[in-house]
Amino acid sequence: MPSFRKRSPWMLLHILKCVFSSRCISTGNVEGGNVLAKDMKHRLGVLLQKSESCDYGSSQGKKEKVSPSQRVSQEEVKKWAESLENLIHHDRGLAAFRAFLKSEYSEENIEFWVSCEDYKKTKSPAKLSTKARKIYDEFISVQATKEVNLDSCTREKTSHNMLEPTLSCFDEAQRKIFTLMEKDSYRRFLKSPYYLDLVSPPRAGCGPENCKRAHAHALDCNSNIISQCA
């Protein structure tokens, strides 16, 4: 028996109508074939309406889940332009700023700042030394894979703090990097599409390039949020 799973409801309707009509014609009962076909058409029509309704509801649900601007109000987005602190202390703002820095190949600055924030929340004194060494090796040492731009005095002082790590051993280095981002990359961020597309979203009549650009930035932000929560 042939499988109808991959066929559309309208195609099934046409096939069944032909089958019932041909069978009744062969037996001389044309009127009965039309009645059966009409009944089958009615039943498939009802099923088709239900299917379309479910598909529409499902698609609407998916759109609601992935819409990038629903969780952040315009008032909140505008606050991000008031200070870098407002921006990076908001999850979506941090994600947008991280995506922007990644596009400039300078994401090590925000990654260092986030690592320091996480480090200061360490509750177990036994874990301080291990976590401090990991941050130092990744961002501050001469052979660091993501070395941040620190002056020699701050770097030397931070190195000395590694002898007896405390919750505040990275405070000065973190402040230096914050100031660096505030005076440089933060200002460029506010003039970039990564921010402008959020504070002034493209309208329904936007061009394809603007829509594509906004969608790409939204994906960057969501992927960053997911990576943070992973």
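The values are calculated or read from the model by the stated rules, or taken from the named source; none is laboratory data. Model, not experiment: these values are computed from the prediction. Cβ: placed from backbone, ideal geometry, glycine included. Neighbour counts: every protein chain shown. Accessible surface areas use protein heavy atoms only, side chains included; no ligands, DNA or RNA. Shrake-Rupley method; radii C 1.70, N 1.55, O 1.52, S 1.80 Å.
Considering 70, 60, which residue is over 27 Å from residue 181 (Cα atoms), part of a loop (DSSP other than H, G, I, E, B) and modelled with pLDDT under 50? Steps first, answer last, please.
On the way: 60 fails: part of a loop (DSSP other than H, G, I, E, B).
Of the residues listed, the single one that is over 27 Å from residue 181 (Cα atoms), part of a loop (DSSP other than H, G, I, E, B) and modelled with pLDDT under 50 is 70.
Could you tell me which of the residues 212, 191 is open to solvent by 30 Å² or more (accessible area, probe 1.4 Å), modelled with pLDDT of 90 or more, more than 29 Å from residue 120 (Cβ to Cβ) and among the charged types (D, E, K, R)? Step through it out loud before you land on a result.
On the way: 212 fails: modelled with pLDDT of 90 or more.
Selected residue: 191, the only one of 212, 191 that is open to solvent by 30 Å² or more (accessible area, probe 1.4 Å), modelled with pLDDT of 90 or more, more than 29 Å from residue 120 (Cβ to Cβ) and among the charged types (D, E, K, R).
From the list 105, 136, which residue is open to solvent by 30 Å² or more (accessible area, probe 1.4 Å), modelled with pLDDT under 95 and among the hydroxyl-bearing types (Ser, Thr, Tyr)?
Numbers: 136 fails: modelled with pLDDT under 95.
Only one candidate passes the filter, namely 105.
Could you check segment 93-151 and list, in sequence order, the residues that are of a type in the set (Ser, Thr, Tyr) and more than 28 Å from the chain's Cα centre (by Cα)? Don't jump to the end; show me each part of the working.
Start the filter on segment 93-151 by keeping residues that are of a type in the set (Ser, Thr, Tyr), which leaves 103, 105-106, 115, 119, 122, 124, 129-130, 136, 141, 145.
Answer for segment 93-151, where residues must be of a type in the set (Ser, Thr, Tyr) and more than 28 Å from the chain's Cα centre (by Cα): 124, 129, 130, 136, 141.
For segment 108-131, give me each residue that is farther than 15 Å from residue 147 by Cα and open to solvent by 30 Å² or more (accessible area, probe 1.4 Å).
Filtering segment 108-131 for residues farther than 15 Å from residue 147 by Cα gives 117-131.
Scanning segment 108-131 gives 117, 118, 120, 121, 123, 124, 125, 126, 127, 129, 130, 131.
From the list 174, 143, which one is in a helix (DSSP H, G or I) and either touching a helix residue (DSSP H, G or I) at 6+ places or on another chain (Cβ under 9 Å) or open to solvent by less than 40 Å² (accessible area, probe 1.4 Å) (or both)?
174
Within segment 77-93, how many residues turn out to be surrounded by 12 or more Cβ atoms within 10 Å (Cβ to Cβ) and either among the aromatic types (Phe, Trp, Tyr) or in a loop (DSSP other than H, G, I, E, B) (or both)?
5
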